[in-house]
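Colleague: Below is a structure I'd like to ask you about.
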Amino acid sequence: MNCEQAKTQMLGENQGDDFAAHLASCDMCRSEASRIGALWQSLDLLPLDEPGGQVRERFYEMLGAYRQGMASAEPRKTRQLGQWGWQIAAAAALIAVGLALGYVVRGNGQPPAEVSQLREEVANMRQLVALSLMQQQSASERLKGVSWSYQVEPSDTEVLNALVTTVNHDPNVNVRLAAVDALRPFTGSPATHLAARNAVVQALPKETAPIVQVALIDFLAELKERNAAPELRRLVSDPDIDSGVRKRAEWALERMQ
Amino acid sequence: MAEVSAGQVARLAVLFERYHRGLFRYFVSMNRDREQAEDLVQEVFFRMLRYRTSYDPAHSFTAWMYQIARNAGVDQVRKRGMAQVVDIDSFALVSGSPGPEESVSRGQDLALLRRAMGQLPEDKREILVLSRFQGMKHEDIAEVLGCEVGTVKVRVYRAIRALEQIYFSLEKEKVS
């Protein structure tokens with residue numbers, strides 16, 4: 001063993017007799033091995049950081065939602081398998097062709113087909129978790145579902161529809177409030193912006209909680225959504241409406257002009 | 001992981017309990033951001049669940065997991081549209097102020113050692129973190145990095161030598 005070979009063994013797992021023999025005969029390598037060995041050992045003395053408790057909480061929440069989502073998806077899959085068997089086979093064949101083409105044309109700067117497919121699967125999984133959580137009995141779970149909706153593509157109409165349902169029908173004010181905020185990304189996507197804007201317009205007359213009404217009004221003002229003007233005028237002239245909501249509606253109408 | 005891959009997804013909890021701290025420390029070591037490291041740990045387990053069928057029991061689980069972790073880290077950087085910026089003066093695997101054991105121990109000044117780690121180029125820091133802090137075998141590191149075992153040995157050696165040089169230059173600065 002020469003010095004070059006010995007250097008790569010200095011921090012090795014199985015150094016062997018050759019290495020020991022080399023060290024015995026080479027002062028320079030012996031000195032270096034001792035020096036970097038000490039440095040190597042001292043790395044152990046750097047104390048270790050600990051993750052926060054919410055890491056564990058978030059993991060189990062994700063795992064639970066995943067299992068629940070898979071369980072609810074299973075019967076539907078079984079039922080549809082026979083009916084859609086040929087379509088699944090055709091899709092599999094298309095994927096195989098796509099992968100083959102991906103290999104052929106690789107090098108054009110595009111990600112390989114399988115990478116795109118995996119990305120799509122991740123997107124589907126996020127959608128599944130968000131939708132599953134938004135259907136839970138517990139308000140805190142539904143709130144988490146609303147939070148997960150930020151991780152889906154803003155063009156995802158299924159998640160948008162779930163958020164709209166939450167805004168209109170969730171019995172918990174906090175969940176509705178969070179869902180109003182979660183609609184914002186959808187107003188920036190060409191595929192969903194109209195549906196998202198309409199949803200906010202239509203939610204305002206149904207809403208009774210002042211805090212959510214104000215959130216909806218702010219959102220409409222931000223969007224400069226003129227279709228909401230009649231409802232805003234109604235709120236301004238309604239003597240029974242909360243004074244804070246009335247003032248906000250006045251402000252929104254001014255802003256839209 | 002083989003059980004998770006076969007459909008027993010609840011068994012992922014066992015892997016989480018065993019590996020989430022190591023993953024967290026890997027990410028903290030690489031990007032110095034606790035919050036981001038926690039998000040990335042979550043992302044790794046999410047991807048493990050999602051891509052569970054791609055796991056091959058004939059290969060090392062640790063290597064597979066750290067391949068996912070590296071990809072998640074790269075995606076995060078790409079998503080943020082910038083290179084990771086490491087605060088070179090704050091590298092540590094520890095939070096809070098340095099304890100008395102960090103002053104001088106075994107002839108090494110641990111505060112300087114932390115700074116030296118922070119100043120190491122990312123690829124060298126990564127290989128030290130994987131081999132020393134994560135205790136991974138060279139074979140597994142080779143699989144993660146996509147290189148030969150011999151290359152890993154050379155890179156580990158170069159990384160520790162680079163660390164030594166930075167450490168001594170910091171030590172000289174301190175004395176002068």
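Colleague: When the stretch A:10-41 is examined, which residues are found to be among the acidic types (D, E) and more than 7 Å from chain B (Cβ to nearest Cβ)?
Modeller: A:D17, A:D18, A:D27, A:E32
Colleague: Assuming A:A221 fulfils every condition listed in (1) farther than 21 Å from A:M134 by Cβ; (2) modelled with pLDDT of 90 or more; (3) surrounded by fewer than 19 Cβ atoms within 10 Å (Cβ to Cβ) apart from one, which condition is it?
Modeller: Against the list (1) farther than 21 Å from A:M134 by Cβ; (2) modelled with pLDDT of 90 or more; (3) surrounded by fewer than 19 Cβ atoms within 10 Å (Cβ to Cβ), A:A221 comes up short only on (3).
Colleague: Go through the stretch B:12-65 residue by residue and tally those that are among the basic types (K, R) and under 12 Å from the mean Cα position of the chain (by Cα).
Modeller: Final tally of qualifying residues: 3.
Colleague: Restricting the stretch A:42-53 to residues that are at the interface with another protein chain (Cβ under 7 Å from one of its Cβ atoms) and assigned to a helix (DSSP H, G or I), which is farthest from B:F46 (Cα to Cα)?
Modeller: Selected residue: A:S42.
Colleague: For A:R233, are the conditions met, namely being surrounded by 15 or more Cβ atoms within 10 Å (Cβ to Cβ), assigned to a helix (DSSP H, G or I) and free of Cβ contacts under 8 Å to residues at least 60 places away in the same chain?
Modeller: No, not satisfied.
Colleague: Under 8 Å between Cβ atoms, which residue pairs at least 6 apart in sequence (or on different chains) link something in the stretch B:157-169 that is on the phi < 0 side of the Ramachandran plot with a partner that is among the hydrophobic types (A, V, I, L, M, F, W, C) and not in a helix (DSSP H, G or I)?
Modeller: B:Y157/A:M10; B:Y157/A:L11; B:A159/B:L120; B:I160/A:L11; B:A162/B:L120; B:L163/B:L120; B:I166/B:L120
Colleague: Those residues that are of a type outside the set (A, V, I, L, M), within 13 Å of A:M62 (Cβ to Cβ) and buried (at least 17 other Cβ atoms within 10 Å of the Cβ), I need them from the stretch B:39-59; list them, please.
Modeller: Filtering the stretch B:39-59 for residues of a type outside the set (A, V, I, L, M) gives B:39, B:42-43, B:45-47, B:50-57, B:59.
This time we only want the ones that are within 13 Å of A:M62 (Cβ to Cβ), so: B:39, B:42-43, B:45-47, B:50.
Answer for the stretch B:39-59, where residues must be of a type outside the set (A, V, I, L, M), within 13 Å of A:M62 (Cβ to Cβ) and buried (at least 17 other Cβ atoms within 10 Å of the Cβ): B:Q42, B:E43, B:F45, B:F46, B:R47, B:R50.
Colleague: Among the numbered criteria (1) under 24 Å from B:F24 (Cα atoms); (2) among the hydrophobic types (A, V, I, L, M, F, W, C); (3) away from chain A (no Cβ under 11 Å), which single criterion is violated by B:L170?
Modeller: Just one mismatch for B:L170, condition (1).
Colleague: Return the residue satisfying two criteria in turn: it lies in the stretch B:20-36 and is crowded, with 21+ Cβ neighbours inside 10 Å and over 11 Å from A:P51 (Cβ atoms), and of such residues it is nearest to the other protein chains (Cβ to nearest Cβ).
Modeller: By that ranking, first place goes to B:S29.
Colleague: Sticking with this one: When both residues are 6+ apart or on different chains and their Cβ atoms are under 8 Å apart, which pairs have a first residue that lies in the stretch B:37-62 and is within 7 Å of another protein chain (Cβ to nearest Cβ) and within 19 Å of B:Q8 (Cα to Cα), and a second that is among the charged types (D, E, K, R) and buried (at least 21 other Cβ atoms within 10 Å of the Cβ)?
Modeller: From residues that are within 7 Å of another protein chain (Cβ to nearest Cβ) and within 19 Å of B:Q8 (Cα to Cα), there are no pairs.
Colleague: Under the condition of being within 8 Å of chain A (Cβ to nearest Cβ) and under 13 Å from B:G22 (Cβ atoms), which residue from the stretch B:132-144 is farthest from the chain's Cα centre (by Cα)?
Modeller: My answer is B:R132.
Colleague: Here's a follow-up. Are any residues in the stretch A:209-230 acidic (D, E) and not in a helix (DSSP H, G or I), and if so, which ones?
Modeller: Within the stretch A:209-230, A:E225 is the sole residue that qualifies.
Let's see how each residue does on (1) over 15 Å from A:L220 (Cα atoms); (2) in a loop (DSSP other than H, G, I, E, B); (3) acidic (D, E); (4) modelled with pLDDT of 85 or more:
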| residue | (1), (2), (3), (4) |
| --- | --- |
| A:S155 | yes, yes, no, yes |
| A:E158 | yes, no, yes, yes |
| A:N161 | yes, no, no, yes |
| A:P171 | yes, yes, no, yes |
| A:N174 | yes, no, no, no |
| A:P185 | no, no, no, yes |
| A:L194 | no, no, no, yes |
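Colleague: Within the stretch B:87-113, track down each residue that is surrounded by fewer than 20 Cβ atoms within 10 Å (Cβ to Cβ) and at pLDDT 80 or above.
Modeller: Result: B:A111, B:L112.
The values are calculated or read from the model by the stated rules, or taken from the named source; none is laboratory data. It should be emphasised that the depicted structure is a prediction, and the values quoted were computed from it without experimental measurement. Using ideal geometry, Cβ is built from the backbone for each residue, glycine included, and neighbour counts are taken over all protein chains shown.
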